[in-house]
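Note sheet for the following structure.
The values are calculated or read from the model by the stated rules, or taken from the named source; none is laboratory data. Please read all numbers here as calculations on a predicted model, not as lab measurements. Here Cβ is always computed from backbone atoms with ideal geometry, including for glycine, and neighbour counts include all displayed protein chains. To get the accessible areas, we keep the full protein, side chains included, count just its heavy atoms, and leave off ligands, DNA and RNA. Shrake-Rupley method; radii C 1.70, N 1.55, O 1.52, S 1.80 Å.
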Amino acid sequence: YAKNFYESKLNQTEEGQAIGLSYFKERGFSGHTQKKFELGYSLDTWDAFSKEALSKGYTTEILEKAGLLIQKEGQRSAGYDRFRGRVIFPIHNVAGKVIAFGARILKTEKGAGANQPKYLNSPETEVYHKSESLYGIFQAKNAIRQQDLCYLVEGYTDVISLHQAGVENVVASSGTSLTVEQIKLIARFTPNVTILYDGDMAGIKAALRGLDLVLEEGLNVSIVLFPDGEDPDSFVRKVGAVAFKQYIQTASKDFITFKTETLLQDAGTDPFKLAGVISDVVHSIIKIPDAIKRQISFNRTSEMMRVDEQ
């Protein structure tokens with residue numbers, strides 16, 4: 001019900017068209033793409049949604065349970081809408097049911113609204129567990145299966161832009177670091193994951209720490225870094241779908257190679273740092289469940305580091 005409400009407000013109100021639709025057009029999202037992801041807009045008023053939902057017979061209790069309504073402490077009033085004055089990205093489960101929302105604020109006013117977070121997500125509810133959900137999995141699952149490969153990006157707009165460019169086997173972890181549940185969800189459709197990073201070094205190092213989890217689940221992980229200042233969304237819009245796919249093929253490195261190269265650059269010629277790198281990489285390789293893949297990784301890494309394999 002909420003998804004339909006937000007979708008109608010995007011397309012059928014002046015405010016929705018002036019603020020929400022113009023933002024999506026600016027991002028280059030077509031009408032078809034908006035429909036495919038069921039994008040919407042929440043009006044910039046305290047209770048537009050809850051007032052309407054209550055009049056349709058939904059209770060404050062159920063709206064609160066769904067994370068759509070926030071009750072003020074100690075007050076008996078109906079409370080206020082969680083999402084106000086934001087564009088709405090519905091989050092679907094694998095079967096295509098809407099289980100939560102991500103919402104982005106567009107106004108950058110000084111004053112009362114200035115300290116609001118740019119993105120606001122539904123809270124954990126009985127139907128939505130952030131650590132078990134991937135944005136775009138419903139729209140991407142068939143393409144992931146067909147191409148036997150899943151691209152993993154960070155944000156909603158990355159997913160939508162790539163879809164529109166014809167790269168449909170893509171999901172986002174929506175700002176959380178990858179969890180075992182999310183990895184298992186991808187593994188239902190393919191063992192091959194390519195992670196697309198917009199490469200600032202701090203982010204990459206943080207990412208490297210989380211990726212051992214993916215290896216432990218037996219997935220084949222590759223990593224692609226984009227040129228400085230580019231993310232998947234901006235890059236695909238700049239170069240187009242064909243060049244984008246070509247870039248991914250040539251720039252893709254398997255995780256162990258990538259990790260080794262990244263850490264080696266950092267260590268330089270310092271013997272103590274190099275010893276640290278070796279032990280760090282070995283710790284990753286031993287997480288790989290498949291003995292043959294493990295052996296190949298040891299072999300390759302020892303060559304890269306000029307260290308005896310044993």
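Points worth noting:
- What the phi angles of segment 272-284 give under the Karplus curve with 6.51, -1.76 and 1.60, with θ = phi - 60°, is a coupling list of 5, 5, 4, 4, x, 4, 4, 5, 4, 5, 4, 4, 6 Hz, glycine and proline written as x.
- With 10 Å bins beginning at zero, the pair-distance distribution over Cα atoms of segment 124-197 amounts to 21, 58, 20, 1 %.
- The candidate values were (i) 73, 44, 41; (ii) 56, 43, 41; (iii) 89, 39, 31; the one computed from these coordinates for Cα extents along the principal axes in Å carries the label (i).
- Mean residue ellipticity (222 nm) of the chain, computed from DSSP H runs ≥ 4 via -39,500 (n - 2.57), nearest 500: -13000 deg cm²/dmol
- Gap separating the Cα centres of segment 12-79 and segment 152-230, nearest whole Å: 29
- Summary of packing: across the peptides 179-185, 120-126, 162-168, the per-residue average of other C-beta atoms within 10 Å ranks them, highest first, as 162-168, 179-185, 120-126.
- Share of carbon and sulfur in the accessible heavy-atom surface of segment 177-253 [1.4 Å probe, %]: 52
- Dipole of the chain computed with +1 at Lys/Arg Cβ and -1 at Asp/Glu Cβ about the Cα centre; of Ala2, Ile70, Val221, farthest Cα towards the positive end is Ala2.
- Surface per residue (accessible, 1.4 Å probe) for segment 170-266, Å²: 44
- Square roots of five times the Cα gyration tensor eigenvalues for segment 180-245, Å: 24, 16, 8
- Net charge over other residues, Cβ less than 12 angstrom from the Cβ of Leu213 (K, R count +1; D, E count -1): -1
- Distance distribution P(r), segment 232-283, all Cα-Cα pairs, bin width 5 angstrom from 0: 4, 18, 20, 13, 10, 13, 10, 10, 3 percent.
- Loop-located trypsin sites (Lys or Arg not before Pro) in segment 14-105 (DSSP state not H, G, I, E or B) with no more than 10 neighbouring Cβ atoms inside 10 Å: Lys56, Lys72, Arg76.
- Convex hull volume per residue, computed on the Cα atoms of segment 249-310, equals 88 Å³.
- Simple label model, 7 Å out from Cα along Cβ direction - Arg27 to Glu52, nm: 2.0
- Charged neighbours of Thr194, selected by a Cβ distance under 12 Å, balance to 0 (K, R count +1; D, E count -1).
- Built from the Cα atoms of segment 205-310, the convex hull projects on average onto 7.7 nm², one quarter of its surface area.
- Look at the alpha carbon pairs under 8 Å that are at least 6 residues apart: their mean separation over the length of the chain gives a relative contact order of 11 percent.
- √(5λ) per eigenvalue of the Cα gyration tensor, segment 91-167, largest first, Å: 28, 17, 9
- Apportionment of accessible area to carbon and sulfur, segment 1-79, percent (1.4 Å): 49
- Across all C-alpha atoms in segment 1-132, the radius of gyration and Dmax reach 14.6, 45 Å.
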